[in-house]
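Have a look at the structure below before the remarks.
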Amino acid sequence: MFAIRPARKEDAPEACALIHRSIKELCAEDHDGDPIALTGWLANKTVRNIEVWFSQLGLYSFIAERDGQMMGLGTLSGGGEIMLLYVLPEARFQGVSTALLARMEEQTRALHREICSLTSSLTARRFFLSRGYELMPSEDEDDGLGLDAPVNFSKILTSPSQT
Ligand SMILES: CC(C)(COP(=O)(O)OP(=O)(O)OC[C@H]1O[C@@H](n2cnc3c(N)ncnc32)[C@H](O)[C@@H]1OP(=O)(O)O)[C@@H](O)C(=O)NCCC(=O)NCCS
């Protein structure tokens with residue numbers, strides 16, 4: 001099993017390595033190994049930026065951890081937008097993203113917000129659909145990075161007993 005805890009600034013180097021591996025190794029459906037698409041996607045996922053995201057007021061970041069090793073991470077904005085959700089490739093399909101998503105939804109409710117939203121990778125689309133998220137119309141046609149048009153999802157949160 002793994003535990004979910006708030007992220008700390010010191011987690012940034014390990015989180016950065018995890019995000020890069022998750023994107024490169026799990027999201028081939030999105031980037032198809034295209035170096036330009038990958039470079040664009042990874043560009044803002046730097047240790048420095050992650051330090052800021054993990055310590056910034058108004059952002060809520062969580063780490064899934066087992067025996068001291070990071071299994072996954074998620075970052076939520078105060079407006080209920082899921083900004084990051086990544087799992088270590090070795091920890092895939094073990095419930096890590098499900099647990100992080102549930103924690104971020106709980107945080108959204110605690111902020112008295114009723115909707116969680118996100119822009120999904122193609123890779124994670126099935127995951128979000130099966131977790132009650134619905135597709136939102138998108139105005140973006142092309143991100144210019146060689147990635148497909150963004151897939152926007154949202155979910156109206158009910159009480160935990162109803163999810
Ligand atoms: C798809 C992904 C998000 C799922 O996270 P996870 O921690 O591995 O998944 P969990 O064990 O919590 O949940 C398993 C769910 O993954 C989905 N899933 C199962 N097999 C899958 C596959 N081959 N491809 C994509 N999704 C799959 C299903 O929805 C499954 O749940 P269900 O069978 O109950 O419906 C993750 O494996 C992944 O690829 N992440 C890459 C990074 C990413 O795209 N992040 C989202 C950025 S918005």
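The values are calculated or read from the model by the stated rules, or taken from the named source; none is laboratory data. For clarity, every value in this text was computed on a predicted model and none was experimentally measured. Don't worry about glycine lacking a Cβ; one is built from the backbone with ideal geometry, like all the others, and counts go over all protein chains shown. In case anyone asks, the SASA skips ligands and DNA or RNA and just uses the protein heavy atoms, side chains included. Shrake-Rupley method; radii C 1.70, N 1.55, O 1.52, S 1.80 Å.
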Task: Within the stretch 8-19, tally of residues that are open to solvent by less than 90 Å² (accessible area, probe 1.4 Å), in contact with a Phe, Trp or Tyr (Cβ under 9 Å, 6 or more places away or on another chain) and within 15 Å of Arg48 (Cβ to Cβ) - done: 4
TODO: Read through the list (1) touching a residue at least 40 places away in the same chain (Cβ under 8 Å); (2) touching a helix residue (DSSP H, G or I) at 6+ places or on another chain (Cβ under 7 Å); (3) surrounded by 15 or more Cβ atoms within 10 Å (Cβ to Cβ); (4) farther than 15 Å from Leu84 by Cα, then give the number of the only condition that Glu25 fails.
DONE: (3)
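For the stretch 109-129, what are the residues that are small (Gly, Ala, Ser), within 12 Å of Leu76 (Cβ to Cβ) and assigned to a strand (DSSP E or B)?
Within the stretch 109-129, Ser117 is the sole residue that qualifies.
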- [ ] Identify the residue in the stretch 115-151 that is open to solvent by 80 Å² or more (accessible area, probe 1.4 Å) and touching a Phe, Trp or Tyr at 6+ places or on another chain (Cβ under 7 Å) and, among all such residues, is modelled with the lowest pLDDT.
- [x] Met136
Open item on the list: I need every pair where a residue in the stretch 34-57 that is closer than 13 Å to Glu10 by Cα has its Cβ under 8 Å from the Cβ of a residue that is in a loop (DSSP other than H, G, I, E, B) and not basic (Lys, Arg), sequence separation at least 6 or different chains.
Closed with: Phe54/Ala7
Task: Selection count, the stretch 73-104, where residues are of a type outside the set (S, T, N, Q) and more than 13 Å from the ligand (Cβ to nearest atom) - done: 3
Task: Unique match (being part of a helix (DSSP H, G or I), in contact (Cβ under 8 Å) with a residue 24 or more places away in the chain and open to solvent by 80 Å² or more (accessible area, probe 1.4 Å)) among Glu90, Glu106 - done: Glu106
Open item on the list: Among the residues that make up the stretch 49-65, is at least one of them on the phi > 0 side of the Ramachandran plot, loosely packed, with under 13 Cβ neighbours inside 10 Å, out of contact with any Pro (no Cβ under 6 Å at 6 or more places or on another chain) and assigned to a loop (DSSP other than H, G, I, E, B)?
Closed with: yes
